[in-house]
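Following: one structure in structure tokens, then a few remarks.
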Amino acid sequence: MDFLSLAQKYKTPLYVYDLDRIKEQFLNFKNAFFGRKVLICYALKANSNLSVIHTLSCLESGADCVSIGEVRRAILVGVKKYRIIFSGVGKSDEEIKEALETDILFLNVESQQELERIEFIAKELDKKARISVRLNPNIDPKTHPYISTGLDENKFGVDKETALKLYLYAKNSPFLEPVGIHFHIGSQLTDLAPITASVEKVADFARSLLALKIDLKFFDVGGGLGIAYANEKTIELYDYAQTILRALKGLDFTIICEPGRYIVGESGYLVTKVLYEKHTKTKRFVIVDGAMNDLMRPTLYQAVHKVRVCFKNKPQKDSESLCDIVGPICESGDYLAKNVMLPSLASGDLIVFENAGAYGYSMSSNYNTRKRVAEVGIERGEDRVLKHRENFEDMVSDELKILQGAQNGFK
Ligand code: LLP
């Protein structure tokens, strides 16, 4: 990838996505379940750029959404409503109402109170709400605690006893139709054992529900498949699919998967430009124009993104030394990489952070009144902008209108 030309054309910091690679990842994932009834619902939270979702929707991807905003994004780019599911512990009344009116495939329910709200709203709309219950299997996924979701101590899902109550309640309600079962134990999973244990546990539970004549059709295994950020060993797609298929042997379910990171993570790059080098008594800092507001993962999870110097104004060979790559934000936690070996760098050199396609732009913010950066896609060798860089006016226009309105009022 010619990051120098892209940086010259679109400026930095810049997110670049390899759309062909995204398609390839999606198709590989789907093919791992070849010959089975499977629906891949891409988890929009990983990267919700409309062009990315559209690219996947053209391959018949469904959408796993966690807000009505994400449901709307999916619908906007043509994801079929019967391929959209809606998860999350805190759906508001307005969100539930719109999801039911939109007639999506089902809502993943995470508590008794939520189920009762869904029933109440479905009754008002004179509809039958298709639901699935998120079971918390209480299995340690062995990932970063912030992205671990399948333990009793986490806010997600319900235990088996509660799930059974919810299914029986739903079965007897004229406004609820239990159609699926769901679990998601965490993200960036690199160990297959907890997945195997969870899928077996949930499959056993599903068998007991079928015996109670609760007619489930969908078995939703969530997302979570990890990628290699720093050469860690990851789970083979084949093994992942086989462990699920083995646990579901004899069960006639449509399998639903909700991968996010696996589909888009490796296809994304954050391109930044060196502003300065700074040496303190004890450390060397390379200061770039990208910061924690553009890529939160290092600050939030101590995540490691591989660093590549992709352009040097003075390409002389010189020795490398340890440094931290930091941004312009006024916090010591604002860093993009720690203790990396880099040659001496000068203003204008380019540094790329790899594996930034998932939870990069989608978690970015305007902190320090920094503009959200541009997103660019590469498809069949051609680059095109997928979202323009924000400008200052975008950021302040609403506040300014309010302020100007108030000032007029004072006159
Ligand atoms: N399904 C549910 C219900 C989820 O909560 C998530 C992610 C996914 C699917 C997709 O998981 P994936 O396949 O991408 O691992 N910001 C964090 C990751 C948070 C994941 C939240 N839920 C990070 O940057 O590592």
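The values are calculated or read from the model by the stated rules, or taken from the named source; none is laboratory data. Nothing here was measured: the structure is a model prediction, and the numbers come from that model. Neighbour counts run over all protein chains shown; Cβ positions are idealised from the backbone, glycine included. The area values use the complete protein model at the heavy-atom level, side chains included, leaving out ligands, DNA and RNA. Shrake-Rupley method; radii C 1.70, N 1.55, O 1.52, S 1.80 Å.
Which one is nearest to the chain's Cα centre (by Cα) among residues in segment 211-232 that are among the β-branched types (V, I, T) and more than 29 Å from I378 (Cα to Cα)?
Checking each candidate, the answer is V221.
On the basis of being farther than 20 Å from H182 by Cα and surrounded by fewer than 21 Cβ atoms within 10 Å (Cβ to Cβ), does E200 make the cut?
When the stated conditions are applied, E200 does not pass them.
Given the options N28, N108, name the one that is polar (S, T, N, Q), outside the structural domain of A291 (by TED's automatic domain parsing) and open to solvent by less than 10 Å² (accessible area, probe 1.4 Å).
Step by step, each of N28, N108 is checked, and only N108 is polar (S, T, N, Q), outside the structural domain of A291 (by TED's automatic domain parsing) and open to solvent by less than 10 Å² (accessible area, probe 1.4 Å).
This table checks each residue for (1) in contact (Cβ under 8 Å) with a residue 24 or more places away in the chain; (2) within 28 Å of the chain's Cα centre (by Cα); (3) assigned by TED's automatic domain parsing to the domain that holds R308.
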| position | (1), (2), (3) |
| --- | --- |
| K338 | yes, yes, yes |
| M341 | no, no, yes |
| L345 | yes, no, yes |
| G357 | yes, yes, yes |
| G377 | yes, yes, yes |
| D383 | yes, yes, yes |
| S397 | no, no, no |
| Q404 | no, no, no |
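Does V309 satisfy the condition of being within 30 Å of G69 (Cα to Cα), open to solvent by 30 Å² or more (accessible area, probe 1.4 Å) and outside any helix (DSSP H, G or I)? So that I can check it myself, show each step before the final result.
Details: within 30 Å of G69 (Cα to Cα): no; open to solvent by 30 Å² or more (accessible area, probe 1.4 Å): yes; outside any helix (DSSP H, G or I): yes.
Spelling it out, it is not the case that V309 is within 30 Å of G69 (Cα to Cα), open to solvent by 30 Å² or more (accessible area, probe 1.4 Å) and outside any helix (DSSP H, G or I).
Which condition from (1) in a loop (DSSP other than H, G, I, E, B); (2) open to solvent by 80 Å² or more (accessible area, probe 1.4 Å); (3) farther than 24 Å from L300 by Cβ is the one that I214 breaks?
Answer for I214: the failing condition is (2).
Within 26 Å of the chain's Cα centre (by Cα) and not assigned by TED's automatic domain parsing to the domain that holds S208: which single residue out of I244, I235, I256, I325 fits that description? Give the steps one after another, and end with the answer.
Values: I244 fails: not assigned by TED's automatic domain parsing to the domain that holds S208; I235 fails: not assigned by TED's automatic domain parsing to the domain that holds S208; I256 fails: not assigned by TED's automatic domain parsing to the domain that holds S208.
Exactly one of I244, I235, I256, I325 is within 26 Å of the chain's Cα centre (by Cα) and not assigned by TED's automatic domain parsing to the domain that holds S208, namely I325.
Can you name the residue in segment 140-176 that is open to solvent by less than 20 Å² (accessible area, probe 1.4 Å) and without any contact (Cβ under 8 Å) to a residue 40 or more places away in the chain and, of all such residues, is farthest from the ligand (Cβ to nearest atom)?
From segment 140-176, those open to solvent by less than 20 Å² (accessible area, probe 1.4 Å) are 141, 148-150, 157-158, 163, 166-167, 170, 173, 176; that's our starting set.
Filter again for without any contact (Cβ under 8 Å) to a residue 40 or more places away in the chain, leaving 148-149.
Details: S148: 10, T149: 6 Å.
Per the criteria, the residue is S148.
Give the residue, chosen from L336, L386, that is touching a strand residue (DSSP E or B) at 6+ places or on another chain (Cβ under 9 Å), open to solvent by less than 60 Å² (accessible area, probe 1.4 Å) and more than 21 Å from V286 (Cα to Cα). Don't jump to the end; show me each part of the working.
Details: L336 fails: more than 21 Å from V286 (Cα to Cα).
Residue meeting the stated conditions: L386.
Quick one: which of K312, K306 is without any contact (Cβ under 8 Å) to a residue 60 or more places away in the chain and either within 17 Å of S364 (Cβ to Cβ) or of a type in the set (K, R) (or both)?
Result: K312 is the single residue among K312, K306 that is without any contact (Cβ under 8 Å) to a residue 60 or more places away in the chain and either within 17 Å of S364 (Cβ to Cβ) or of a type in the set (K, R) (or both).
So, in segment 177-197, how many residues would count as being away from the ligand (no atom under 16 Å from the Cβ) and either assigned to a helix (DSSP H, G or I) or open to solvent by 10 Å² or more (accessible area, probe 1.4 Å) (or both)?
Looking only at that region, the number is 5.
Using the structure shown, decide if R72 is touching a residue at least 60 places away in the same chain (Cβ under 8 Å), out of contact with any Leu (no Cβ under 6 Å at 6 or more places or on another chain) and open to solvent by 60 Å² or more (accessible area, probe 1.4 Å).
no
Within segment 270-296, which residues are open to solvent by 10 Å² or more (accessible area, probe 1.4 Å), in contact (Cβ under 8 Å) with a residue 40 or more places away in the chain and either within 16 Å of the ligand (Cβ to nearest atom) or farther than 16 Å from A374 by Cα (or both)?
Listed by number, the residues that qualify are L275, Y276, E277, K283, R284, F285, I287, M292, M296.
Those residues that are away from the ligand (no atom under 16 Å from the Cβ) and of a type in the set (A, V, I, L, M), I need them from segment 297-326; list them, please.
V307, V309, L322, I325, V326
Search segment 229-251 for residues being in contact (Cβ under 8 Å) with a residue 60 or more places away in the chain and assigned to a loop (DSSP other than H, G, I, E, B), and hand back the single one that is farthest from the ligand (Cβ to nearest atom).
Result: A230.
When you check I329 against the structure, is it outside any loop (DSSP other than H, G, I, E, B) and away from the ligand (no atom under 16 Å from the Cβ), yes or no?
Working: outside any loop (DSSP other than H, G, I, E, B): no; away from the ligand (no atom under 16 Å from the Cβ): yes.
Considered against the rule, which asks whether it is outside any loop (DSSP other than H, G, I, E, B) and away from the ligand (no atom under 16 Å from the Cβ), I329 comes out as no.
For segment 391-400, indicate whether the set of residues that are more than 21 Å from Q8 (Cβ to Cβ), in contact with an Asp or Glu (Cβ under 9 Å, 6 or more places away or on another chain) and either part of a loop (DSSP other than H, G, I, E, B) or open to solvent by 30 Å² or more (accessible area, probe 1.4 Å) (or both) is non-empty.
Yes, that holds for at least one residue.
Can you report the number of residues in segment 81-102 which are within 16 Å of the ligand (Cβ to nearest atom) and crowded, with 16+ Cβ neighbours inside 10 Å?
Total meeting the criteria: 10.
Go through segment 112-139 residue by residue and tally those that are open to solvent by 40 Å² or more (accessible area, probe 1.4 Å) and touching a strand residue (DSSP E or B) at 6+ places or on another chain (Cβ under 7 Å).
Residues that pass the stated criteria total 2.
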